[in-house]
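Scroll down for the structure; my scribbles are underneath it.
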Amino acid sequence: MSTQAPVEPSRIIAPYITTWSAEQDLPSRVVEHPLGGIGYADEGLGDRDAHGVLWSRIGVRAGTGRPEFGKVHPLRQRRAMRKLLCQVCGGPADRTDEGVLWLLRDYRGDWPSWPEGMASTEPPACVLCVAISLKRCPALHRGAVAVRVRECPIAGVRGAIYQRGLFGPTAVSAANVAYEDPDICWTVASALIRELKGCVQISLEELIATLDA
């Protein structure tokens, strides 16, 4: 698990959860596990999380090479979600009595109460990094929403689901998988999911104004 320290916002080249070009996928042969589901042929203790879910293997060399924007590093994403760290700087996410701060792309057209009940793979944020992200992130230029979240239980993972094949387990789909789903034992996870509950949308302008208060 990465223990990379938080980065000062003024020195951020790429978000904390971004994969760098030197961080290559590590060799891993997926096999059927004797107790059901899948595992790695040379599986070690660090290959599963506390729920027993198998995770994808990747090198940890943040800052080496070039940032691969849009490609999320599974272990840093998992750490940020588990500890509620800012996805940009890796420090603690902003938290008030109203909840933890999330900066989301604007999908309010998806359902009337969006993002209430949403399964999020994007970690939260701190206020300063919200301001930085709005300036630097092209995806957010198409619309962004700041949300305070009162409850955000860990609900499952996103990953590749495998099934039995002629020459061994074969990946057949990518999906969000709840811990209680039978498919969880056939999944190689690449992201941790939190369910967003008790969501309150807040003004981005008022949020950023607090930096000057």
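The values are calculated or read from the model by the stated rules, or taken from the named source; none is laboratory data. Model, not experiment: these values are computed from the prediction. Cβ: placed from backbone, ideal geometry, glycine included. Neighbour counts: every protein chain shown. Calculation scope for accessible area: heavy atoms of the full protein, side chains included, ligands and nucleic acids excluded. Shrake-Rupley method; radii C 1.70, N 1.55, O 1.52, S 1.80 Å.
Give the accessible surface of the chain per residue, rounded to a whole number of Å², with probe radius 1.4 Å and ligands, DNA and RNA excluded. Display every interim value, and only then the final one.
Values: 11390 Å² over 213 residues.
Heavy-atom SASA per residue in the chain reads 53 Å².
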Residues whose modelled amide H sits under 5 Å from the amide H of Ala93, counting only those 5 or more places away in sequence or on another chain, are Leu85, Cys86
Output ³J(HN,Hα) for region 17-24: one whole-Hz value per residue in order, computed from phi by the Karplus curve 6.51 cos²θ - 1.76 cosθ + 1.60 with θ = phi - 60°, and x for Gly and Pro. 8, 6, 7, 9, 4, 7, 9, 8
From phi via Karplus (6.51, -1.76, 1.60), per-residue ³J(HN,Hα) for region 126-141 in Hz, x at Gly/Pro: 9, 5, 4, 6, 4, 4, 5, 5, 4, 7, 9, 8, x, 4, 7, 5
Which three extents, in angstrom, do the Cα atoms of the chain have along their principal axes, listed largest first? 61, 41, 28
I want to check the label-to-label distance for His141 and Phe69. Put each point 7 Å from Cα in the C-beta direction and report it in nm to one decimal. 0.9
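Provide the net charge surrounding Tyr16, with neighbours chosen by a C-beta distance below 10 Å and charges set as Lys +1, Arg +1, Asp -1, Glu -1.
Details: positive: Arg76, Arg79; negative: none.
Here the count lands on +2.
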Those GluC sites (Glu not before Pro) in region 164-207 that DSSP places in a loop and that have at most 12 other beta carbons within 10 Å: Glu180
Starting from the Cα of Glu151, step 7 Å along the direction of its Cβ; do the same at Arg105; then give the gap between the two resulting points in nm. 2.8
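Ignoring ligands, DNA and RNA, what percent of the 1.4 Å accessible area of the chain is carbon and sulfur?
Details: 5970 of 11390 Å².
Carbon and sulfur atoms account for 52 percent of the accessible area of the chain.
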Please work out the Cα center distance from region 65-128 to region 181-213, rounded to the nearest Å. 4
Loop trypsin sites (Lys or Arg not before Pro), region 149-213 (other Cβ atoms within 10 Å of the site Cβ: 13 or fewer; DSSP): Arg164
With springs only between Cα atoms under 10 Å, which of Asp97, Asp106, Asp183 fluctuates most in a Gaussian network model of the chain? Asp97
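Report the extension gain between Ala175 and Val31 in nm, rounded to one decimal, defined as 0.36 nm multiplied by the number of residues separating them, less their alpha carbon distance.
On the way: separation 144, 0.36 × 144 = 51.84 nm, distance 1.98 nm.
Gain in length upon complete extension: 49.9 nm.
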What does the charge add up to near Cys137, with Lys and Arg as +1, Asp and Glu as -1, over the other residues with Cβ less than 14 Å from its Cβ? +2
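Quick check: from the Cα gyration tensor, does region 42-141 come out rounded (a/c under 1.5), prolate or oblate? Working shown, then result.
Details: a/c = 1.80, a/b = 1.41, b/c = 1.28.
In terms of gyration-tensor shape, prolate.
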